[in-house]
Amino acid sequence: MKKMNSAYRLQIIKEVATRKRLVERGDPMACHISQLLEQRSQESPIVEKNFNGCHYDAQIGGWVSNLWDANK
């Protein structure tokens with residue numbers, strides 16, 4: 001397994017310590033904000049449906065030209 005970057009490792013340790021401190025102190029507003037941030041990071045990103053003459057097709061998982069069927 002590859003070693004973690006020291007800055008990244010320090011950031012992870014800091015986040016875990018902050019969460020633990022929030023839970024121990026029981027500050028309701030801080031816990032609520034923390035939960036909102038976690039939910040937001042777990043949500044799937046919003047995909048723009050139209051972009052520069054193309055649209056996103058979830059069935060194929062990619063962008064398709066709006067002019068694809070124009071000649072038929």
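Since every read-out is calculated from the coordinates, none of them should be taken as a lab result. Owing to the predicted nature of the structure, the values given are computational and were not obtained by experimental measurement. Here the Cβ is made from the backbone with ideal geometry for all residues, glycine too, and neighbour counts use every protein chain on show.
Output the relative contact order of segment 6-65, whole-number percent, from Cα pairs under 8 angstrom with separation of 6+ residues.
Relative contact order here is 14 percent.
Available extension along the chain between residue 33 and residue 58 is 5.8 nm, counting 0.36 nm per residue and deducting the alpha carbon span. Taking the charge dipole of segment 6-65 about its Cα centre, with +1 at Lys and Arg Cβ atoms and -1 at Asp and Glu Cβ atoms, the residue from 18, 56, 34 reaching farthest to the positive side is 18. Close amide-amide hydrogen proximity is noted between residue 54 and 66, each under 5 Å apart and 5 or more residues distant or on a separate chain (H modeled in the peptide plane; Pro and chain starts excluded).
Based on alpha-carbon atoms, the Kirkwood radius and the radius of gyration of segment 6-65 give Rg/Rh equal to 1.27. Placing +1 on the Cβ of every Lys and Arg and -1 on the Cβ of every Asp and Glu, with no other charges, gives segment 6-65 a dipole of roughly 360 debye about its Cα centre.
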